[in-house]
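Q: Below is a structure I'd like to ask you about.
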Amino acid sequence: MKKKHSKKTIASVVCILAVITAVLTAVIVFQGELRTLLSVNKKSGKGIYEVNYAADYKLDELLEAGGAATEEELVQYILKTMLKGLPIDVPYEIPNLACSMFYAETPDGGHILGRNLDNQQTDLAVVQTAPKDGYKSVSVVNLSFLGYNENYTPDKLLDRINMLATAYFPLDGINEKGLAVGVLQLQAPATAQDTDKPDVGTTLAIRAMLDKCSSVDEAIEFLKSVDMYAAARGCYHFQLADASGNSVVVSYSNNEMIITEKTDGIICATNFYIHDVPFEYEKQGLDRYEILKKKLTETNAVLTKEEGMKLLEAAEITGTPPDEKGRVYSTQWSSIYDLSSPALYLCADMDYENTYIYEIE
């Protein structure tokens, strides 16, 4: 009887050790991913989730392998790298974006970039990244892109797996060198450059610019080195600005990249080309553009951060008629990026009484 008892005890110990070994192995293999998921924190009642991204999202390997031209390719790369091939579904949907952006100088000689993200009601994530071979940054992600909604949120640890995709889905952001960038939609033929360069979609392009570029000029050179593909429907353009006060709008017409610089120190953008194009398309955001341009003209494009946020408030969208799917669009977040002392000043859901500040540490 003693021998049988001893054998059972040994078997139990072996099983326990096997479980412990498996758990420790998983912790070691997924340590960056686990730290990322455990870092998720919600700002009370505001629908703002904060993420300190600790996993290696292997941007260089993605670009060296040819990039990703579609969201599906990008998601498959995320599954392969960060999730180690685990059969986990990461849903995504990129809806229409109606946005506004502007550049201004501050009275003390600093520089800011303002940005409204207009979309259907959604929670958002403020994502801080610190890649080993790149610049630290803070960026903002629309969580409806990753399948989250009022019935499915990342409040519980087991529901956070999709948050591992946030590194690759920024819509605007700033890095430690003071380079800031945001994307705006155009109702025009989708960009699909096709050469032997690496393929990038809009959010992947933002990730790469924040990680790799210290200035507008470097960001432009990066965009010249890749083939741009428009994410989801329609076409997109970017507004870039840096700590030197340089700011441009980068757009694509018939797959040709076009750079628009300031006119009399003023540059802003909404949802139409700010240069002539050889085709017809639906121009959107003309009223918001005039609000931005009028204020910038009156002030010679000199605004404090507080005045910049007031301008974003003046250009907000309070609600559109429902689209074909019943979706109503309004301003989801307003960002003022301090380019001189890199930081994000964020207001969510048109609550301009509360500003959240994210400095790059």
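Q: Scan L286, L296, L312 and give me the residue that is within 21 Å of the chain's Cα centre (by Cα) and modelled with pLDDT of 95 or more.
A: Matching residue, one of L286, L296, L312: L312.
Q: Looking at the stretch 89-111, can you tell me whether even one residue there is at pLDDT below 95, outside any loop (DSSP other than H, G, I, E, B) and surrounded by 13 or more Cβ atoms within 10 Å (Cβ to Cβ)?
A: Looking for residues that are at pLDDT below 95, outside any loop (DSSP other than H, G, I, E, B) and surrounded by 13 or more Cβ atoms within 10 Å (Cβ to Cβ), one finds none in the stretch 89-111, hence no.
Q: Next question. Which residues, taken from the stretch 117-133, are farther than 16 Å from A343 by Cα and outside any loop (DSSP other than H, G, I, E, B)? Steps first, please.
A: First, the residues of the stretch 117-133 that are farther than 16 Å from A343 by Cα: 117-124, 131-133.
Result: L117, D118, N119, Q120, L124.
Q: Can you name the residue in the stretch 134-186 that is within 25 Å of G114 (Cβ to Cβ) and either part of a helix (DSSP H, G or I) or of a type in the set (D, E) (or both) and, of all such residues, is nearest to the chain's Cα centre (by Cα)?
A: If we take residues in the stretch 134-186 being within 25 Å of G114 (Cβ to Cβ) and either part of a helix (DSSP H, G or I) or of a type in the set (D, E) (or both), then D172 is nearest to the chain's Cα centre (by Cα).
Q: A further question on this structure: Within the stretch 238-250, identify whether any single residue is closer than 12 Å to C99 by Cα and not in a strand (DSSP E or B), and answer yes or no.
A: Taking every residue of the stretch 238-250 in turn, none turns out to be closer than 12 Å to C99 by Cα and not in a strand (DSSP E or B).
Q: Further, regarding this structure: When you check V216 against the structure, is it touching a Ser or Thr at 6+ places or on another chain (Cβ under 6 Å) and either farther than 22 Å from L74 by Cβ or open to solvent by 30 Å² or more (accessible area, probe 1.4 Å) (or both), yes or no?
A: On the way: touching a Ser or Thr at 6+ places or on another chain (Cβ under 6 Å): no; either farther than 22 Å from L74 by Cβ or open to solvent by 30 Å² or more (accessible area, probe 1.4 Å) (or both): yes.
Here the answer is no, as V216 does not meet what is asked.
Q: Give the residues of the stretch 123-182 that are surrounded by fewer than 22 Cβ atoms within 10 Å (Cβ to Cβ) and under 27 Å from D217 (Cα atoms), sorted by residue number.
A: Answer for the stretch 123-182, where residues must be surrounded by fewer than 22 Cβ atoms within 10 Å (Cβ to Cβ) and under 27 Å from D217 (Cα atoms): Q128, A130, P131, K132, D133, G134, Y135, K136, E176, K177.
The values are calculated or read from the model by the stated rules, or taken from the named source; none is laboratory data. It should be emphasised that the depicted structure is a prediction, and the values quoted were computed from it without experimental measurement. Methodologically, a virtual Cβ is constructed for each residue, glycine included, from the backbone with ideal geometry; neighbour enumeration extends over all protein chains shown. Heavy atoms of the whole protein, side chains included, go into the accessibility calculation; ligands, DNA and RNA do not. Shrake-Rupley method; radii C 1.70, N 1.55, O 1.52, S 1.80 Å.
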